[in-house]
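Throughout, read-outs are computed from the coordinates displayed, never taken from laboratory work. Given the structure is predicted, the values throughout are model-derived calculations rather than measurements. Here the Cβ positions follow ideal geometry from the backbone for every residue, glycine too, while neighbour counts run over all protein chains shown.
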Amino acid sequence: MKRLDPAGSLCGNAARIVLVRLEELRSFIPAALDPGASEAQHDMRIAAKRLRYVLELTELCFGERGAAARHGARDLQGVLGDLHDCEVMLPMAEGQPNLEILVTHLVARRRLVFDRFGELWAQQRRSGVWEELEAAARELAPGGASLEEKGGRA
């Protein structure tokens, strides 16, 4: 990441990174909530993974809000990974002799996993986990703004 302060505190720099990663995660909504938006869903999984990993290293800076967000990112990463697995396996099974039952299973599983993703995202929004993480990061970030707002890039 650019524009981190090598002389700054771990928590200040971590907050700046978390703000960028959180913006990235949120940027895939509402597109990822479309059942056919497999690319947006896959990209959101990668964003959740990035956010989760930075929180695993710096969670101590954010306290309980960081722990809740790490768990939330892990849950999103898991459900979106299951969705992606269906997306990858389905084209390999379609049109193959004797795999009609597998295709039916994958289509049904993808539908169920997608519904679980929508429910998970709605639950996370209701709980305010992402707003709480943003508030914690803004409290710690120098100037309280993300790198994007200051002209930096992830």
By how many degrees, 0 to 90 and rounded to 10, does the Cα axis of helix 10-26 deviate from the longest principal axis of the chain? 30
Compute the length gained on full extension between ILE46 and LEU10: take 0.36 nm times their separation in residues and subtract their Cα-Cα distance, giving the result in nm to one decimal. 10.6 nm
What percent of all Cα-Cα pairs in segment 21-65 falls into each 10 Å bin, going from 0 up to the bin containing the maximum distance? 30, 42, 23, 5
Using only Cα atoms, tell me the angle between helix 38-58 and the longest principal axis of the chain; keep it within 0 to 90° and round to the nearest 10. 40
By how many degrees, between 0 and 90 and to the nearest 10, does the Cα long axis of helix 100-127 differ from the longest principal axis of the chain? 30
Förster-model FRET efficiency, 35 Å R0, GLU64 and GLU39, C-beta, rounded to 0.05: 0.55
What net charge is computed for the residues neighbouring HIS42, neighbours being all others with C-beta under 15 Å from the C-beta of HIS42, Lys and Arg scored +1, Asp and Glu -1? -3
Relative contact order of segment 1-96 (C-alpha contacts under 8 Å, at least 6 apart) in percent is 25
Tell me, in nm to one decimal, what length is gained between GLU100 and ASP115 on full extension, where the rule is 0.36 nm per residue of separation less the Cα-Cα distance? 3.1 nm
No partner Cβ under 4.7 angstrom, meaning no disulfide-compatible partner by this rule: which Cys of the chain qualify? CYS86
Say a site is exposed when it is one of the trypsin sites (Lys or Arg not before Pro), sits in a DSSP loop, and has at most 15 other Cβ atoms within 10 Å; what is then the longest site-free stretch of the chain? 4-149
